[in-house]
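Peer 1: Before I ask anything, here is the structure I am working with.
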Amino acid sequence: MEEKEEAAWSAGLDVLRRLTEAGHPAYLVGGCVRDRLLGRRGGDIDIATAAEPTAVMSLFADVLPTGLKHGTVTVREAGFGFEVTTFRQESGYSDARHPDAVAFVRDVREDLARRDFTVNAMAMDADGALVDPFGGQADMRDRVLRAVGHAAERFGEDALRMLRGIRFAAELGYRIDESTWDGLLARRDKLRLVAMERVGAELDKMIGGADPARALTLLSESGLADRTAEPLPPAVVAGLRAAAGEMAAAMNAQGEPIGGDLRWAALFVGCGATAADVLATLRVLRYAGRRAERIASVARLHERLSGAIPGGPFGRRKAIAEGAGAIAGEAREGWIRAVLDFGREAARDWLRLAEAAPSAIALGGPDGPYREASRWLREMPAAAASELAVRGDELVRHAGLPAGPWVARHLRLLLEEVALGRAANEKTVLLAAFASHLRKER
Ligand SMILES: Nc1ccn([C@@H]2O[C@H](COP(=O)(O)OP(=O)(O)OP(=O)(O)O)[C@@H](O)[C@H]2O)c(=O)n1
């Protein structure tokens, strides 16, 4: 991985040299310079130059006009793509997201002046020399996130920058400069102008980042959490406020770090959001399909286990942890039924959360029954109808009845018996059990 990133970096420098040799000042700019100085690798390598797009296009063989209106072309070099953008100034911003007009300028400093934060407003030439007119290096040293120039203006130009600011502060572990924070508070109502998918993408980076708990705290303190274009469910907003501390345990877990989807699940579970809140939130944030399903399944399973759904098995957890026979048996059965209802995947996800943050997630604390549950899950001979030693069409043939919804119902009955260890997962055993179920139904 590292090798590939170094190869991309040196290909980027080649592009810079080609431009410079043709008489056009050119620099690496923005996030790639910031990350390089911080010793971080990866991410896009962006180039800014005095050359106008037509001049850039004439210099490179493999080049695509990807954003001519904004002065951007994509140069492909050594198998990597680089956005090369003409130095520009922006003006207008009537939608608080995009400039109404851009104008090409001659000096990289003018280009840097339109950027959001000092650490993002540095340029580096092909020899590694920095252009740093706003004190980005000093702010890095002091670990402070500061807007370039007048903060309220920067946030008014593009309201997304408020979320970016919180993300960078959390990711880099920087404090937010006071006048930058004041500027953010002054413009926070503009957040409603930002498309929800953009809000979702920023939140996702915060949750998946280095310090999600801090990001959530800043979101609440700034009031941005209640100012999105489409409201987040009140339970979630309240949860962000209340649970950020507790969630730190789950999301910034000391043990095996958990990935983005599970962190979302941890957040929801930890703030007591219902599965319905979860789905509503993910819909508002435009997280589609499988992801939303995965996160919601964990929340549903947790809801079941915590007894929010009647019959939750982990209610008398202390007794279970102490191994009290009848209650442990009941818990095991409840857990197995929950696994059948929500799937092995959700069960594994939930167990990983429980292990990562026993006090926040696992009902019953560090000694709670999740350890037993892990064993119960491993010992289940089948967790889905497809794992049974008998298929639906065999039941149809055996019964001599036309296929119908009864097939799925009977497969489920057989699955429960197998999963609970009351019947062996063998065809003859299952067909006999099926015959007996049929007789009872008549
Ligand atoms: N709303 C924005 C977005 C970007 N930029 C500028 O454009 C650069 C590149 O933006 P982008 O690639 O979106 O972000 P990065 O800063 O590279 O960081 P990340 O990739 O983590 O989002 C930023 O560094 C910043 O100089 C900005 O001023 N305002």
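The values are calculated or read from the model by the stated rules, or taken from the named source; none is laboratory data. Here the structure is a predicted model, which is why all the values come from computation and not from measurement. FYI the Cβ positions are ideal-geometry reconstructions off the backbone, even for glycines, and counts take in every protein chain you see. Side chains included, ligands, DNA and RNA excluded: accessible areas come from the protein's heavy atoms. Shrake-Rupley method; radii C 1.70, N 1.55, O 1.52, S 1.80 Å.
Peer 1: Here are some conditions: (1) within 13 Å of the ligand (Cβ to nearest atom); (2) assigned to a loop (DSSP other than H, G, I, E, B); (3) surrounded by 16 or more Cβ atoms within 10 Å (Cβ to Cβ). A51 meets all but one. Which one does it not meet?
Peer 2: (1)
Peer 1: Oh, and also: With the requirement that a residue be charged (D, E, K, R), assigned to a helix (DSSP H, G or I) and in contact (Cβ under 8 Å) with a residue 24 or more places away in the chain, what does region 410-432 give you?
Peer 2: If the condition is that a residue be charged (D, E, K, R), assigned to a helix (DSSP H, G or I) and in contact (Cβ under 8 Å) with a residue 24 or more places away in the chain, then R412, E416, K427 are the ones that fit.
Peer 1: Among the residues of region 202-233, which ones are away from the ligand (no atom under 16 Å from the Cβ) and either touching an Asp or Glu at 6+ places or on another chain (Cβ under 7 Å) or on the phi > 0 side of the Ramachandran plot (or both)?
Peer 2: Correct list: G223, R227, P233.
Peer 1: Picking from T66, T72, which residue would you name as being within 16 Å of the ligand (Cβ to nearest atom) and more than 26 Å from F134 (Cβ to Cβ)?
Peer 2: T66
Peer 1: Within region 129-162, which residues are away from the ligand (no atom under 14 Å from the Cβ) and either part of a helix (DSSP H, G or I) or open to solvent by less than 20 Å² (accessible area, probe 1.4 Å) (or both)?
Peer 2: The answer is Q137, A138, R141, D142, V144, A152.
Peer 1: Out of the residues in region 110-123 that are in a helix (DSSP H, G or I) and more than 7 Å from the ligand (Cβ to nearest atom), state the one that is nearest to the chain's Cα centre (by Cα).
Peer 2: Out of the qualifying residues, it is V119.
Peer 1: Exactly one condition in (1) open to solvent by less than 40 Å² (accessible area, probe 1.4 Å); (2) at pLDDT below 95; (3) more than 28 Å from the chain's Cα centre (by Cα) is not met by S94; state its number.
Peer 2: Of the numbered conditions (1) open to solvent by less than 40 Å² (accessible area, probe 1.4 Å); (2) at pLDDT below 95; (3) more than 28 Å from the chain's Cα centre (by Cα), the odd one out for S94 is (1).
Peer 1: Looking at region 164-181 only, could you name the residues that are among the hydrophobic types (A, V, I, L, M, F, W, C) and within 13 Å of the ligand (Cβ to nearest atom)?
Peer 2: If the condition is that a residue be among the hydrophobic types (A, V, I, L, M, F, W, C) and within 13 Å of the ligand (Cβ to nearest atom), then I166, F168, A169, A170, L172 are the ones that fit.
Peer 1: Would you point out the residue of region 386-412, among those that are under 18 Å from A424 (Cβ atoms) and among the small types (G, A, S), that is surrounded by the fewest Cβ atoms within 10 Å (Cβ to Cβ)?
Peer 2: By that ranking, first place goes to S386.
Peer 1: Another one. List the pairs whose first member sits in region 93-112 and is closer than 26 Å to A186 by Cα, whose second member is among the acidic types (D, E) and more than 11 Å from the ligand (Cβ to nearest atom), and whose Cβ atoms are under 8 Å apart, counting only residues at least 6 apart or on separate chains?
Peer 2: Correct list of pairs: Y93/D100; S94/D100.
Peer 1: Can you tell me which condition A126 does not meet? The list is (1) part of a helix (DSSP H, G or I); (2) touching a residue at least 12 places away in the same chain (Cβ under 8 Å); (3) away from the ligand (no atom under 14 Å from the Cβ), and all the others hold.
Peer 2: (1)
Peer 1: Then there's this: From the list V199, V194, pick out the single residue that is open to solvent by less than 10 Å² (accessible area, probe 1.4 Å), in contact (Cβ under 8 Å) with a residue 40 or more places away in the chain and more than 11 Å from the ligand (Cβ to nearest atom).
Peer 2: Only one candidate passes the filter, namely V199.
Peer 1: Just to verify a result, which residue in region 31-48, among those that are open to solvent by less than 40 Å² (accessible area, probe 1.4 Å), more than 14 Å from R18 (Cα to Cα) and at pLDDT 95 or above, is nearest to the ligand (Cβ to nearest atom)?
Peer 2: G31
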